[in-house]
1. Just need a number here: residues in segment B:144-156 that are in contact (Cβ under 8 Å) with a residue 24 or more places away in the chain, within 7 Å of chain A (Cβ to nearest Cβ) and under 17 Å from B:T216 (Cβ atoms).
2. Name the residues in segment B:366-403 that are touching a residue at least 40 places away in the same chain (Cβ under 8 Å), open to solvent by 20 Å² or more (accessible area, probe 1.4 Å) and among the charged types (D, E, K, R), would you?
3. Cβ-Cβ distance below 6 Å, separation of 6 or more or different chains: which pairs start in segment A:29-58 with a residue that is more than 7 Å from every other protein chain (Cβ to nearest Cβ) and end on one that is open to solvent by less than 60 Å² (accessible area, probe 1.4 Å) and among the small types (G, A, S)?
4. Could you check segment B:310-341 and list, in sequence order, the residues that are assigned to a loop (DSSP other than H, G, I, E, B) and touching a residue at least 40 places away in the same chain (Cβ under 8 Å)?
5. Can you name the number of the only condition in (1) open to solvent by less than 20 Å² (accessible area, probe 1.4 Å); (2) within 14 Å of chain B (Cβ to nearest Cβ) that A:G277 fails?
6. Looking at (1) modelled with pLDDT under 90; (2) open to solvent by 50 Å² or more (accessible area, probe 1.4 Å); (3) more than 14 Å from chain B (Cβ to nearest Cβ), which is the only condition A:L103 fails?
7. Quick one: in segment A:220-239, of everything that is of a type in the set (A, V, I, L, M, F, W, C) and under 30 Å from A:A199 (Cα atoms), which residue is surrounded by the fewest Cβ atoms within 10 Å (Cβ to Cβ)?
8. At pLDDT 90 or above, within 14 Å of chain B (Cβ to nearest Cβ) and open to solvent by less than 70 Å² (accessible area, probe 1.4 Å): is that true of A:V61 in this structure?
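The values are calculated or read from the model by the stated rules, or taken from the named source; none is laboratory data. All values derive from a computational prediction rather than experimental measurement. All Cβ positions, glycine included, derive from the backbone under ideal geometry; neighbour counts span all protein chains shown. Side chains included, ligands, DNA and RNA excluded: accessible areas come from the protein's heavy atoms. Shrake-Rupley method; radii C 1.70, N 1.55, O 1.52, S 1.80 Å.
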Amino acid sequence: MKKRTILIIIAVTFLLVSSCVKETYNIDKLSDYNSLSPTYAISAVKGDVSLLDMLEAGDTVTYGSDNFMTLVFKQDSVITLQSSDFLAKGPLTAEIEPGDFDLGMQDILNHITGDIYFSNPSLTFTYSNAFAAPLEMDVYITGIKGSDSLHLDPIVFTPAGSGVAGQQEAGSYTIDNTNSSLPDLISFLPEKIHYSGDAYLLPPPKSGGGTGEKLETENLTGSIELDIPMQLRMNNLQFADTTDNFLKSDDNGDAINPEDFDLLRVDISADNGFPLGISLSMSLYDSQAQKVLKTIDATDLLSPAAVDSEGKSSSSTQTNTTIELTNDFFSSVNKADNIIFTFKMSTSGGGSQDVKIYSDYRINFKASLVIKPGINLN
Amino acid sequence: MKVKTRYILIIVLTLIITDVSAQNSQVGYFMNLPQNHMLNPALRPSNSVYVGLPGISGINMNINNNYVNFSDILMNDQASDSVFSFMHTGNNNATVNSFLSKIKDRNFIEPEIMTQLLGVGFAVGENSYFFLDINERAEGNFVIPGDLFRVALSGNESFVGSTIDLSSLRASMMYYHEIGLGFSRNFTDKLRIGVKGKLLFGVGTMKLENRALGITVNDDYSHSLAGDLTFDVSAPVKIYTSNENIIDSVNFDDNSIDAGYLSGTGNLGLGLDIGATYDLTDRITLSAAVTDLGFIKWKNDVSNVSLRSQFDFSGLDMLDVINGTKTLDELGTEMADSLKNSVNIKNSSKSFTTFLPSAVTLGGSYTLNRYLTFGLLSYTRFIGKQVREALTMSANASLGNVLSASLSYTMTNHRYDNLGAGLAVRAGWAQFYVMTDRIPVTWNRIKSDNSDIILPASWNTINLRLGMNLVFGNRVKTKKDKPMVTVQ
């Protein structure tokens, strides 16, 4: 038995003694190149918004009782005719002082190119006429966009009058798609509308013509209102804007360095009730070299909703879009000084039919971020 | 090597080189050791008197983990003679994924330190044995959910459609003095029963109770957080909360740690060990014990923080930004406030109770002859709702009361390659012993300019226990067997 015990002791001792060094790790030669690249996903933003949330009703944006949207531009005292105006220019004729009707949208319109067609705009002259004699108004309307212009045919109308000198008679005259090519002019997207014209007294005054004695209390004042109902169609209307490269890391070192990202993905899902589709592209631009370095495209960011025969949305359209910014993209971020955003918009049917915009249209969207940072542990 | 990498590696290594099973050594159960009564108070050594002195009667070291080994953390590049970590750049996360494949759903870290300040045992007559222990004990129980590693190293995208399950997150630490007085006696020729009562004096504790904690990641990447936690502390720690019930600060008053504090008796507790052995036949002995039944009532320097939260985040609602009533910054601030407000924190100072991690030991031995005994031992430990099981088979040799040796095989911790050994040798009144539950066969050398460390290649179970007892009145158990041949 002693032998057995001794054998056990020997076996244990052997196991302990025979223990050997399997590997040697020289910590001083530990690689500096350590990093982690976890993938984190989080829902970032969401929203369920109607047009009313984005554009409140006001002087320019109005909604009818049926929620139909109309843009309204007004300018008072566009036409002011005094009897002396007739005397100044000559018997029976007065000049409507030329002026511009600024729509105040130059900043936006400068970035827009492409085809859009407003089907049913209207331009209304609202006047108060105190001339006893009938007047004929010849008004010339021109849309001006930069160096381009588009003319309407002369608008000739006769303001209603009381027939009694000095007694105001209110009235209005409207031009629209039935009596003019106003839709073409508005769809031209003018920065301003230039107006001018002449006024004629018909028939000539019975006495004192040219003296003005009996005309001195007679006048006409008029304002102008441009109504653009949002009944429209567009195809690849493009809005482009250039911003400073906000992704570029600062020199102070505390900004996030975009090169540290292996991946930044934006997943966007939208349920679009608007009959308007949007595509987006984002380009890194080197202004020194005048070169686009990288472009990210998000076609069909929003697909337009289907519309009924009246052009009203009949159902919403679901879209899912992924915008992926890869390491390749981030490697160019610090070389670009500008980012060019380009939106392309088309109405339902690719602009082949009119659509109508109502305030109760909604869009429900969610955007999630998937981030794969390269966490450098060096 | 840069500081950041060192720092991370140190954290990882610290998490891993820690005892997970923390059980008492199974190897010594069938050996002739005075300390065996800690596993079963019915066990007694062959000597009549033993004295265990502070610092030398027992040093117990456990290094154990249930998930990775050194080679999963650091790897040698044979081609370049360099060393790289599992976070090495440029291998498409292969090493990180390999590391994560070793991670369990529940990764236990249960350090336990016990130092015997004084141990005395003596026999009274043939049948009775009395013993007294004064021990310093510190126990910890940490469970790190595997999902915590996975989300930290791989992110949350892989959890889409499921829950980042942190419900297994646990943390508790407890440091206390133990004074135990025990007694064992042969009640019949075959039955021996032992019992040990313990008076416990708590020094400090920390306990995180987790009733629910998880983050559900939905298909649209929205997140739902649900948490229900309680954090109890008995230590010179003050937790301050603001009027909004947000934890403002946590202050640790290290000036109050003095001899008076360490010897305080404000946190009293009781414990009990009870055990029995039964000689089924002359050769077969059965034994059973329940140890560490007990509790400590913590009353001194108590702070309780309970936290409940249910928070859903599905993205910032841009409606207010779009209609111009708020800015994006304001939305972000609101979201952070909502998260804070969703956390219902209550701060109080109510006494609380912690229970000792009790254990059940079942053993059986077969005595082949006076030199050799085979043993089978089941050791089950209950740590809260967690159960740890170890099953040990051993061959135990004794040469009178001079030498006692054991060779064991233990299945524990989902490992089936634990070969252990123990050896106790008496020289006069001095008994030396050494034992290990797992014999490290291979080692790794960690070299640096300033140091050269040898570590076992496998960390799953490393246990070393050694010490010296003063033993007196040594005797050899008289066999009751009648000689088969009597010479007149």
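1. Selection size over segment B:144-156: 1.
2. The answer is B:R370, B:R388.
3. A:L51/A:S359; A:L52/A:S359
4. Let us first name the residues in segment B:310-341 that are assigned to a loop (DSSP other than H, G, I, E, B), namely B:314-315, B:318, B:323-327.
Of everything in segment B:310-341, those that are assigned to a loop (DSSP other than H, G, I, E, B) and touching a residue at least 40 places away in the same chain (Cβ under 8 Å) turn out to be B:S314, B:G315.
5. (2)
6. (2)
7. Just the residues of segment A:220-239 that are of a type in the set (A, V, I, L, M, F, W, C), to begin with: A:220, A:224, A:226, A:228, A:230, A:232, A:234, A:237, A:239.
Filter once more, keeping what is under 30 Å from A:A199 (Cα atoms): A:220, A:224, A:226, A:228.
Working: A:L220: 24, A:I224: 22, A:L226: 19, A:I228: 23.
The residue in question is A:L226.
8. Details: at pLDDT 90 or above: yes; within 14 Å of chain B (Cβ to nearest Cβ): yes; open to solvent by less than 70 Å² (accessible area, probe 1.4 Å): yes.
Yes: the conditions hold for A:V61.
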